[in-house]
1. Which of the residues belonging to region 60-101 are among the small types (Gly, Ala, Ser) and assigned to a loop (DSSP other than H, G, I, E, B)?
2. I'd like the full set of residues that are in a helix (DSSP H, G or I) and not small (Gly, Ala, Ser), limited to region 102-120.
3. Return a yes/no flag: does region 179-201 have any residue that is touching a Leu at 6+ places or on another chain (Cβ under 7 Å), surrounded by 13 or more Cβ atoms within 10 Å (Cβ to Cβ) and either part of a strand (DSSP E or B) or aliphatic (A, V, I, L, M) (or both).
4. I'd like to know if region 203-219 contains one or more residues that are assigned to a helix (DSSP H, G or I) and more than 20 Å from residue 281 (Cβ to Cβ).
5. Please name all residue pairs, on different chains or six or more residues apart, with Cβ atoms under 8 Å, provided the first residue is in region 46-70 and is touching a residue at least 40 places away in the same chain (Cβ under 8 Å) and under 14 Å from residue 249 (Cβ atoms) and the second residue is of a type in the set (Asp, Glu) and surrounded by 14 or more Cβ atoms within 10 Å (Cβ to Cβ).
6. Tell me, which residue of region 236-262 that is under 23 Å from residue 122 (Cα atoms) and touching a Phe, Trp or Tyr at 6+ places or on another chain (Cβ under 9 Å) is surrounded by the fewest Cβ atoms within 10 Å (Cβ to Cβ)?
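The values are calculated or read from the model by the stated rules, or taken from the named source; none is laboratory data. These numbers come from a predicted model, not from an experiment. Cβ atoms come from the backbone with ideal geometry, glycine included; neighbour counts cover every protein chain shown.
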Amino acid sequence: MVNSGAPRRTERRPGEIAAVPVRHAGRWVAAGIVLVLAAMLVHSLVTNAGYHWATIKAYLFAPEILHGVVITLELTGAAMAIGIAGGIVLAIMRLSANPIVAGASWLYVYLFRGTPVLVQLFLWYNLAYLYGHLGIGVPFGPHASASTNSLISALTAGILGLGLNEAAYMAEIVRAGIISVDAGQSEAAASLGMRRLQIMFKIVLPQAMRVIVPPTGNETISMLKTSSLVSTVAVYDLFGESQLLAARTYLPIPLFLMASIWYLAMTTVLTIGQYYVERYYARGAARALPLTPFQRLRVTLPIWRLRPAGPVTE
């Protein structure tokens, strides 16, 4: 028999937890310090007459400066083209089973990566001291030659010095990308009858691009800034033209700040381009591609979220 007189047990729901957020006083202190330093910097930029912002504005789009920007972009593009092409060849040579070919690639990387690029620029610029004439032909037979100074101008010396030095660094970047691809890919392609070069350019390199592209983008941005060294061998790029104007106006700081603004603008464009190239080659490796800056802006700003995602039909 059930005892009806027994007290019934009533279930009580637990009350809401009064969660107290953890206070991060250190974060607010750090943020306050950063804001104070930023305000001090802005105040200094606005009130310090030594910056000569009027001079910077006057020469920002001067013909000499625009000519220097064009030379800088030409140097960067030509040097990176030589560096990427040479780096691919050197990386393939380094991975060759032939010890002579692999050793030659290793020696090239060792020499060009182990000496300063500024020294290499001076060597190419003064190559006529070692070889007065450069020729091509059969040893101890007929050949064609020309004066070294006529073949290698200051601009050519700058391109060769930057490009051949970059090839040594790109060789290691490409080699790292190649060895990151699973060896089973090459074995499977070889079992289908593909030749070694076909396997390299159709199977391995396309997959290695995910590893190669990010450091290559960094090298391109670095090359844009390193190209300023050619001003030491009488090539008037952006920095060289800025030096000439600084010597003419006796205002070196404003002219060099103006050059820095141009370098910052060009590196910003390259950074954006690198982001989209990396995003393109990330397809297939990630389930969801990262949002672009414009997509992040649409997600962040409330005014964008209120708008319809697609066209409105009545």
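1. 62, 96, 97
2. Listed by number, the residues that qualify are 106, 107, 108, 109, 110, 111, 112, 113, 117, 118, 119, 120.
3. No: zero hits.
4. As a first pass, look at region 203-219 and keep what is assigned to a helix (DSSP H, G or I): 203-219.
In the following step, the residues that additionally are more than 20 Å from residue 281 (Cβ to Cβ) were identified as none.
Within region 203-219, none of the residues are assigned to a helix (DSSP H, G or I) and more than 20 Å from residue 281 (Cβ to Cβ).
5. 64/241; 65/241
6. The selected residue is 244.
Table: residues versus (1) at pLDDT 95 or above; (2) surrounded by fewer than 16 Cβ atoms within 10 Å (Cβ to Cβ).
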residue: 22; (1), (2): no, yes
residue: 51; (1), (2): no, yes
residue: 55; (1), (2): no, no
residue: 82; (1), (2): yes, no
residue: 101; (1), (2): no, yes
residue: 114; (1), (2): no, yes
